[in-house]
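Everything below concerns the one structure shown next.
The values are calculated or read from the model by the stated rules, or taken from the named source; none is laboratory data. All values reported here derive from a predicted model rather than from experimental measurement. So basically every Cβ, Gly included, is an ideal-geometry build from the backbone, and we count neighbours across all protein chains shown.
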Amino acid sequence: MTLDVYGDVKKTIETGDGPVDAIFKCIKKLFPHDVKLSLYQVHAVTEGTDAQATVSVKIEENDRTTVGQSADTDTLVASANAYLNALNKMLIKREKKAPSQNIKHQKVKGI
């Protein structure tokens, strides 16, 4: 997996209990964080073998919760983007809770 973390392109490979677990482990390795995954849902938006999947991810950290969503014909891409969406929202919540700390307000994104 390759991620752009605050302008720094990072790459890694991970294994897990399935491809989604491996993707989430890659994200955690490339952008270390201590959030807890509390929900992972996949829904088919369209029918057929080229169906578009919508993925929802809910993460928790201390007293904060965020939900990320993404849609793609590739469920793994949608999963990674939903997790990154939730993680970026969590970074914004961190900044709002502690504006005096020097937290970068930039996004972590897949390449």
*Please find, within the stretch 74-101, the residue that is farthest from the chain's Cα centre (by Cα) out of those that are in a helix (DSSP H, G or I) and of a type in the set (S, T, N, Q).*
Thr75
_Close pairs (8 angstrom Cβ cut-off, 6 or more residues apart or separate chains): without any contact (Cβ under 8 Å) to a residue 60 or more places away in the chain in the stretch 11-34, acidic (Asp, Glu) and outside any helix (DSSP H, G or I) anywhere_ = Ala22/Glu14; Lys25/Glu14; Cys26/Glu14; Lys29/Glu14; His33/Glu61; Asp34/Glu61
*Hey, any hits in the stretch 74-88 for a residue that's more than 19 Å from Met1 (Cβ to Cβ) and either of a type outside the set (D, E, K, R) or at pLDDT 95 or above (or both)?*
no
*Within the stretch 59-73, considering residues that are buried (at least 17 other Cβ atoms within 10 Å of the Cβ) and closer than 17 Å to Asp34 by Cβ, the one farthest from the chain's Cα centre (by Cα)*: Thr65
_I'd like the residue in the stretch 44-58 that is more than 19 Å from Ile27 (Cα to Cα) and of a type in the set (A, V, I, L, M, F, W, C) and, out of all such residues, is surrounded by the most Cβ atoms within 10 Å (Cβ to Cβ)._
Ala53
*For the stretch 78-97, name all the residues that are in contact (Cβ under 8 Å) with a residue 24 or more places away in the chain and under 17 Å from Lys25 (Cα atoms).*
Ala78, Ser79, Ala80, Asn81, Ala82, Tyr83, Leu84, Asn85, Ala86, Leu87
